[in-house]
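What follows is one structure encoded as structure tokens, with my remarks underneath.
The values are calculated or read from the model by the stated rules, or taken from the named source; none is laboratory data. Every value quoted in this text rests on a predicted model; they were computed, and no experiment measured them. Here the Cβ is made from the backbone with ideal geometry for all residues, glycine too, and neighbour counts use every protein chain on show. Note: accessible area is taken over every heavy atom of the protein model, side chains too, but ligands, DNA and RNA are not part of it. Shrake-Rupley method; radii C 1.70, N 1.55, O 1.52, S 1.80 Å.
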Amino acid sequence: MASTLQAYGYEETLAASEKVAWRLDDLLGPQHRLDFQKPFLPETLARVRPLDFLSEGEQLRLNQIRGHGYLYMFGLVEEFILPFVLDHCRQGVAENHDRTRAFLQFAGEEAKHIELFRRFRREFEAGFPHPCEVIGPPEAVAEKVLGHHPLAVAITILHIEWMTQRHWVEAVQDDQDLDPRFKNLLKHHWLEEAQHAKLDTLMIQELALGCDSEELDQAVQEYLEIGAFLDQGLAQQVEFDLAALQLTTGRVLKEAEAQRLREIQHQANRWTFLGSGMSHPQFLATLESLKASFRKQLEQVAPAFC
Ligand SMILES: [Fe+2]
Ligand SMILES: [Fe+2]
């Protein structure tokens, strides 16, 4: 896998961010409606087709339930990304004006995304026959994650930023079957997230400067602990999705079918939120730049989440 570490700068990242900026009203409103006749997520993330005991219509419903959970998860993680970026920004406020502006832009975009995903959820709930329960609450997840070493949190955020890039580039952008409205949300999110991945790389480099070898090891260990914590949430989310599917379709699955759904959907969620970030070439390149052994360490862990 290619893994050249790229160099980024605050000034050009800020310029790129200002160029692609969009307003919530550009994406939301009565002229943009979700089409519940179409899938929301690409099959590589949804993995509903292997569930051959579900009809096509039931698979479509599950895909949409996963789409709902997908954007909810982004909102959930952005609730801890936002305060973390603001805290990091404040530490160097007097030193570099471009840095301050770039991190404030980053934080402002995440605040906007949180609102985007909240409004999406309200619209989804208005058009979907039954409520879909979700994990959380976001404040509790944020408290747990932010209790870790700052470098561990920054590594987790970098994982999330590259994961978002990968989903759009590899799975969503060329999929012509998806609901165009949902796809448009993902596209606009991706446009701004592209800068976040660069800024987070810079943030990691700044944080790592103050760490000795043992502290770096500790940070990577804690990143894996945050991943394990999120994985427990994903298993719980699968239970909620199973309940929502049964409620919406009016069908109670046999125990063997429910178990198969749990296994396949948990792994689908693992790939979506854990494996696709952890194995991203740019993510691995950044970790390797901190210490050569980190790449191997993560490459050994990643297959369980793919
Ligand atoms: Fe975002
Ligand atoms: Fe982001």
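Any idea which of Ala244, Ala219, Ala268 is open to solvent by less than 20 Å² (accessible area, probe 1.4 Å) and touching a Lys or Arg at 6+ places or on another chain (Cβ under 6 Å)?
Going through Ala244, Ala219, Ala268 in turn, just one is open to solvent by less than 20 Å² (accessible area, probe 1.4 Å) and touching a Lys or Arg at 6+ places or on another chain (Cβ under 6 Å): Ala268.
Which condition does Leu86 not pass, out of (1) more than 16 Å from ligand 1 (Cβ to nearest atom); (2) over 18 Å from Glu18 (Cα atoms), if it passes all the others?
The number of the failed condition is (1).
Among the listed residues Trp162, Trp190, which satisfies the condition of being within 29 Å of Leu245 (Cα to Cα), open to solvent by 10 Å² or more (accessible area, probe 1.4 Å) and within 16 Å of ligand 2 (Cβ to nearest atom)?
Trp190
List every residue pair whose Cβ atoms lie under 6 Å apart, where the two residues are 6 or more positions apart in sequence or sit on different chains, the first residue falls within the range 80-99 and is in contact (Cβ under 8 Å) with a residue 24 or more places away in the chain, and the second residue, located anywhere, is open to solvent by 60 Å² or more (accessible area, probe 1.4 Å) and of a type in the set (Asp, Glu).
Listed by first residue and then by second, the contacts come to Asp98/Glu11.
Got at least one residue in the range 22-30 being among the basic types (Lys, Arg), in contact (Cβ under 8 Å) with a residue 12 or more places away in the chain, surrounded by fewer than 16 Cβ atoms within 10 Å (Cβ to Cβ) and under 27 Å from Val134 (Cα atoms)? Full working, then the answer.
We begin by selecting, within the range 22-30, every residue among the basic types (Lys, Arg); these are 23.
Next, from what is left, pick out any that are in contact (Cβ under 8 Å) with a residue 12 or more places away in the chain: none.
Among the residues of the range 22-30, not one is among the basic types (Lys, Arg), in contact (Cβ under 8 Å) with a residue 12 or more places away in the chain, surrounded by fewer than 16 Cβ atoms within 10 Å (Cβ to Cβ) and under 27 Å from Val134 (Cα atoms), which makes the answer no.
So Gly210 passes all but one of these: (1) free of Cβ contacts under 8 Å to residues at least 40 places away in the same chain; (2) within 30 Å of Ser55 (Cα to Cα); (3) not acidic (Asp, Glu). Which condition number does it fail?
Of (1) free of Cβ contacts under 8 Å to residues at least 40 places away in the same chain; (2) within 30 Å of Ser55 (Cα to Cα); (3) not acidic (Asp, Glu), only one is false for Gly210: (2).
Name the pairs whose Cβ atoms lie under 6 Å apart, with the first residue in the range 218-229 and part of a helix (DSSP H, G or I), the second among the small types (Gly, Ala, Ser), and 6 or more positions between them or separate chains?
Ala219/Ala152; Glu222/Ala152; Tyr223/Ala152
Among the residues of the range 55-62, is there at least one that is over 18 Å from Leu158 (Cα atoms) and not in a helix (DSSP H, G or I)?
yes
Answer yes or no: is there a residue in the range 102-109 that is farther than 19 Å from Phe283 by Cβ, free of Cβ contacts under 8 Å to residues at least 40 places away in the same chain, within 12 Å of ligand 2 (Cβ to nearest atom) and of a type in the set (A, V, I, L, M).
yes
Out of the residues in the range 174-187 that are without any contact (Cβ under 8 Å) to a residue 60 or more places away in the chain and open to solvent by 60 Å² or more (accessible area, probe 1.4 Å), state the one that is nearest to Phe117 (Cα to Cα).
That would be Lys187.
So for the range 73-83 (the condition being open to solvent by less than 30 Å² (accessible area, probe 1.4 Å), touching a helix residue (DSSP H, G or I) at 6+ places or on another chain (Cβ under 6 Å) and farther than 21 Å from Trp168 by Cα), does at least one residue qualify?
Within the range 73-83, one or more residues are open to solvent by less than 30 Å² (accessible area, probe 1.4 Å), touching a helix residue (DSSP H, G or I) at 6+ places or on another chain (Cβ under 6 Å) and farther than 21 Å from Trp168 by Cα.
Among the helices (runs of 4 or more DSSP H) lying completely within the range 93-209, list those that include at least 2 residues that are within 16 Å of ligand 1 (Cβ to nearest atom) and over 17 Å from Phe74 (Cβ atoms).
In the range 93-209, the matching helices (runs of 4 or more DSSP H) lie at 97-127, 180-209.
Identify all residues within the range 269-306 that are among the small types (Gly, Ala, Ser) and under 25 Å from His196 (Cα atoms); write none if there are none.
Gly275, Ser276, Gly277, Ser279, Ala285, Ser289, Ala292, Ala302
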